[in-house]
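Enquirer: My questions will all concern the structure given below.
The values are calculated or read from the model by the stated rules, or taken from the named source; none is laboratory data. Keep in mind it's a predicted model, so treat the numbers as computed, not measured. FYI the Cβ positions are ideal-geometry reconstructions off the backbone, even for glycines, and counts take in every protein chain you see.
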Amino acid sequence: RASYVLADTYFGLGELSKKAAERPQSKLSEQLRQRRQARDWYLKSQAAWQEIPHPGFVNPEGFLCGNSAAAARGAAVLRRIE
């Protein structure tokens with residue numbers, strides 16, 4: 001159960017960092033820093049998902065959660081931006 005929470009939390013932090021990078025009022029250097037941070041969170045999420053044997057889209061408590069593929073897509077998009 002904790003593995004799902006950890007993987008999903010890392011993904012959520014990636015989403016928050018990505019949103020922060022998209023703020024138009026931010027300086028370019030801050031946007032780049034936030035993008036890198038988002039990419040790192042997505043990579044951590046992806047690694048955490050790979051540690052879960054047979055992960056599902058629903059955690060053991062029955063709540064929808066992220067997945068390794070979504071984390072990989074997020075990291076790949078941000079890699080291309082840089």
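Enquirer: For the range 6-35, what are the residues that are surrounded by 15 or more Cβ atoms within 10 Å (Cβ to Cβ) and touching a residue at least 40 places away in the same chain (Cβ under 8 Å)? Talk me through it step by step, then tell me what you get.
Expert: Taking the range 6-35 as the starting set, the residues that turn out to be surrounded by 15 or more Cβ atoms within 10 Å (Cβ to Cβ) are 6-11, 13-15, 17-18, 20-21, 31, 33-35.
Leu6, Ala7, Asp8, Tyr10, Phe11, Gly14, Glu15, Lys18, Arg35, listed by residue number.
Enquirer: Then there's this: Considering Gln50, Gln34, Gln25, Gln46, which residue is of a type in the set (S, T, N, Q) and modelled with pLDDT of 90 or more? Outline the logic, then answer.
Expert: Details: Gln50 fails: modelled with pLDDT of 90 or more; Gln25 fails: modelled with pLDDT of 90 or more; Gln46 fails: modelled with pLDDT of 90 or more.
That would be Gln34, the only listed residue that is of a type in the set (S, T, N, Q) and modelled with pLDDT of 90 or more.
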